[in-house]
1. For the range 90-97, just list the computed ³J(HN,Hα) in residue order, Karplus coefficients 6.51, -1.76 and 1.60, θ = phi - 60°, integers in Hz, with x standing in for Gly and Pro.
2. Just the number, please: percent antiparallel of the DSSP beta bridges in the chain, rounded to the nearest 5.
3. Given points 7 Å out from each Cα along the Cα-Cβ axis, report the ASP151 to GLU72 separation in nanometres with one decimal.
4. Taking other Cβ within 10 Å of each residue's Cβ, how do ASP105, ASP39 sort, fewest first?
5. Whose amide H sits under 5 Å from the amide H of ASP104, counting only residues 5 or more places off or on another chain, with H placed in the peptide plane?
6. Above 23 angstrom, tally the Cα pairs of the chain and express them as a % of all pairs, no decimals.
7. Tell me what the chain gives for mean residue ellipticity at 222 nm when only DSSP H runs of n ≥ 4 count, each as -39,500 (n - 2.57), the sum divided by the residue total, rounded to 500 deg cm²/dmol.
8. Return a whole-number percent for the relative contact order of the range 2-161, with Cα pairs under 8 Å and 6 or more residues apart as the contact set.
Amino acid sequence: MKYLIIDGYNAISKIKEFDAKKDVSLEASRLSFIKALVDFGQRNGLFDKVVIVFDGKSESLELSREIYGDIEVLFSNKDRDADKVIVDILKISSEKNKITVASDDNFIKNHARAFSCRIMSVKELEDLIILKKKASRSKIIEKDIGNKDQDAITNELKKYWGVK
């Protein structure tokens, strides 16, 4: 399987569109980022699964987990920060899966290299998401039609609407 693992807060803080939403709340920023990734995932087949890891503030010893379609969101616990959770995922999954890690954090990038994972900068992630957004918006191709076709359409509409 092809996985994309994202260092959540590292990405949000470096992508202006999501960082700006932190003024409303951190949750608004996080949910906006998740929604953009869900939309991105529905528009392409680059990755079988996307995992976003955020630092959690829970006192629980368990990881908190939320699922949004093919997007899995993990929140670290009090004993392990998001970086350590990502490294643990790489240890367990890197041999049997093709993993791309999106982060600008050197600790994460060095471990991704050690486990032979592809590294994607946050800028590359942003460009990928934005390019896919632009591509989905431009599905309609404008075509200039001739006067004869315009007249035929107009006459057909006049008949339909009962206008002479």
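1. Once θ is set to phi - 60°, the couplings for the range 90-97 become 4, 4, 7, 10, 5, 6, 9, 9 Hz.
2. Antiparallel bridges make up about 20 percent of those DSSP assigns within the chain.
3. 6.4 nm
4. Listing ASP105, ASP39 from fewest to most nearby Cβ atoms yields ASP39, ASP105.
5. VAL122
6. Percent of Cα pairs beyond 23 Å in the chain: 47.
7. So the calculated ellipticity at 222 nm is -15000 deg cm²/dmol.
8. Computed value for the range 2-161: 24 percent relative contact order.
Each reported figure results from applying straightforward, stated rules to the coordinates on display, with no laboratory input. This one's a predicted model, so the numbers in the text were calculated from it and none came from an experiment. We place every Cβ from the backbone using ideal geometry, glycine too, and count neighbours over all the protein chains shown.
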